[in-house]
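First, the structure itself, so that you have it in front of you.
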Amino acid sequence: MLSQMLKYAYFPGCVAQGACRELYQSTQALTQALGIELVELKKAACCGSGTFKEDSQLLEDTVNARNIALAEELNLPLLTHCSTCQGVIGHVNERLKECQTNNPAYIQQVNGLLKKESCLPYRGSTEVKHLLYALVTDYGLEEITKRVTRKLSGLKCAAFYGCYLLRAQKSMPYDDPYQPEAMENMFRAVGATPIYYRGRTQCCGWPLSSYATTQSFKMAGMHIQDALAAGADCMVTPCPLCHLNLDSRQPEVEKVIGQKLGLPVLHLPQLIALAVGVSPEELGLSRHIVSTKSVLEKLGF
């Protein structure tokens, strides 16, 4: 048993509260089932998903220094379930902590802007952690396995990490950024079979989708095709933006590549929650564009 209850300052991000509402729903259901307490940062702002710095690095740093300061006020680590949010906010936190030693004038500039808007100052006293790594390193895979009430035996899962989660920060203390195993180890912990394929650590194409749609869809299609060729029953991603390109836009992807795909794409907390006894209805599995019926039937639902 865990020696103490885990508690996090929860940064849900924008996509999980809009287009991927099922991610917000399933994260709440999973953490409740595991006894993890989330204190939602309702005053937090969008991380910018990497676009703020195209206009100004100071803008990205200041907006996310405020987000981090909200977690610092609670003396809690900031938890996100979005690879993109993890990459952006985690990188800001890493950079600002370095500036505390190497460029304190910049920290003063950031905090000066926050003070001007009556916001708390950035202190650099907490960490930013994705749900995946909170479960692997804080909760523990052994403890997850103990909580499994429905082993996902026979389900072949292809992880799609997304690029931000693995390589946005200079250091990745929880996993190898080029040969990660955290998701595959999680699959094994809940009884599923991990599938390895070429594109699991590459970009889904989402960042290109607004100005190079065809190329974006070709990227997504290539990854889905590779996962299918490797024998996957489903893809599982820790990033809602990846989910949008791989699931929500899969019908459009099929038209671009001229091939039927039909591969279900699950959010990471949906998969784990199924194994610890949460019902499909509670996880929003009917909201997906590509039907998850084949996954549920394979698991005996």
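Of the conditions (1) at pLDDT 95 or above; (2) under 22 Å from Thr126 (Cα atoms), Glu22 fails just one. Which one is it?
That leaves (2) as the condition not met.
I'd like to check something: does segment 169-186 contain any residue that is touching a helix residue (DSSP H, G or I) at 6+ places or on another chain (Cβ under 7 Å), in a loop (DSSP other than H, G, I, E, B), among the small types (Gly, Ala, Ser) and within 30 Å of Lys97 (Cβ to Cβ)?
Initially, segment 169-186 is screened for residues touching a helix residue (DSSP H, G or I) at 6+ places or on another chain (Cβ under 7 Å), giving 169-170, 172, 174-175, 177, 180, 182-183, 185-186.
Imposing the further condition that a residue be in a loop (DSSP other than H, G, I, E, B) reduces the set to 169-170, 172, 174-175, 177, 180.
If we keep only those that are among the small types (Gly, Ala, Ser) too, we end up with none.
Checked segment 169-186: no residue is touching a helix residue (DSSP H, G or I) at 6+ places or on another chain (Cβ under 7 Å), in a loop (DSSP other than H, G, I, E, B), among the small types (Gly, Ala, Ser) and within 30 Å of Lys97 (Cβ to Cβ).
Let me ask something else. Report the residue count in segment 92-143 for those that are over 14 Å from Asp61 (Cβ atoms) and either β-branched (Val, Ile, Thr) or under 22 Å from the mean Cα position of the chain (by Cα) (or both).
Selection size over segment 92-143: 18.
Does Glu60 fit the bill of being more than 18 Å from the chain's Cα centre (by Cα) and crowded, with 21+ Cβ neighbours inside 10 Å? I'd like the intermediate steps shown before the answer.
Numbers: more than 18 Å from the chain's Cα centre (by Cα): yes; crowded, with 21+ Cβ neighbours inside 10 Å: yes.
So Glu60 fits the description; yes.
Okay, moving on. For segment 258-277: of the residues being among the aliphatic types (A, V, I, L, M) and open to solvent by 10 Å² or more (accessible area, probe 1.4 Å), which is farthest from Pro207 (Cα to Cα)? Let's see the steps before the verdict.
Of the residues in segment 258-277, the ones among the aliphatic types (A, V, I, L, M) are 261, 263, 265-266, 268, 271-276.
Next cut, open to solvent by 10 Å² or more (accessible area, probe 1.4 Å) only: 261, 276.
Working: Leu261: 22, Val276: 34 Å.
This residue is Val276.
Looking at segment 168-205, which of its residues are out of contact with any Leu (no Cβ under 8 Å at 6 or more places or on another chain) and in contact (Cβ under 8 Å) with a residue 60 or more places away in the chain?
Ala168, Gln169, Lys170, Ser171
Of the residues Ala16, Ala9, Ala33, which is over 17 Å from the mean Cα position of the chain (by Cα) and crowded, with 17+ Cβ neighbours inside 10 Å? Give the steps one after another, and end with the answer.
Details: Ala16 fails: over 17 Å from the mean Cα position of the chain (by Cα); Ala9 fails: over 17 Å from the mean Cα position of the chain (by Cα).
It is Ala33.
When you scan segment 137-168, how many residues do you find that are assigned to a loop (DSSP other than H, G, I, E, B) and either open to solvent by less than 20 Å² (accessible area, probe 1.4 Å) or over 17 Å from His81 (Cβ atoms) (or both)?
Restricting attention to segment 137-168, the residues satisfying the condition of being assigned to a loop (DSSP other than H, G, I, E, B) are 148-155, 160-162, 168.
Subsequent filtering for residues that are either open to solvent by less than 20 Å² (accessible area, probe 1.4 Å) or over 17 Å from His81 (Cβ atoms) (or both) retains 148-155, 160-162.
Number of matching residues: 11.
Can you spot a residue in segment 232-245 that is surrounded by fewer than 18 Cβ atoms within 10 Å (Cβ to Cβ) and of a type outside the set (A, V, I, L, M)? Working first, answer last.
Here is the first cut: in segment 232-245, the residues surrounded by fewer than 18 Cβ atoms within 10 Å (Cβ to Cβ) are none.
No, segment 232-245 has no match at all.
Restricting attention to segment 246-257, which residues are touching a His at 6+ places or on another chain (Cβ under 6 Å) and surrounded by fewer than 17 Cβ atoms within 10 Å (Cβ to Cβ)?
Keep residues of segment 246-257 that are touching a His at 6+ places or on another chain (Cβ under 6 Å), which gives 247.
Passing the criteria: none in range.
Tally time: how many residues in segment 234-276 are in contact (Cβ under 8 Å) with a residue 60 or more places away in the chain and β-branched (Val, Ile, Thr)?
5
Shifting gears a bit: What residue, among those in segment 187-218 that are of a type in the set (S, T, N, Q) and in a loop (DSSP other than H, G, I, E, B), is farthest from Leu266 (Cα to Cα)?
Here is the first cut: in segment 187-218, the ones of a type in the set (S, T, N, Q) are 193, 201-202, 209-210, 213-216.
Then drop every residue that is not in a loop (DSSP other than H, G, I, E, B), which leaves 201-202, 209-210.
On the way: Thr201: 16, Gln202: 17, Ser209: 21, Ser210: 23 Å.
Filtering first and then ranking leaves Ser210.
The values are calculated or read from the model by the stated rules, or taken from the named source; none is laboratory data. Remember, predicted model here, so these are calculated numbers, not experimental data. Cβ sites come from the backbone with ideal geometry, for glycine too, and all protein chains shown count toward neighbours. Side chains are part of the model used for accessible areas, which takes the heavy atoms of the whole protein and leaves out ligands, DNA and RNA. Shrake-Rupley method; radii C 1.70, N 1.55, O 1.52, S 1.80 Å.
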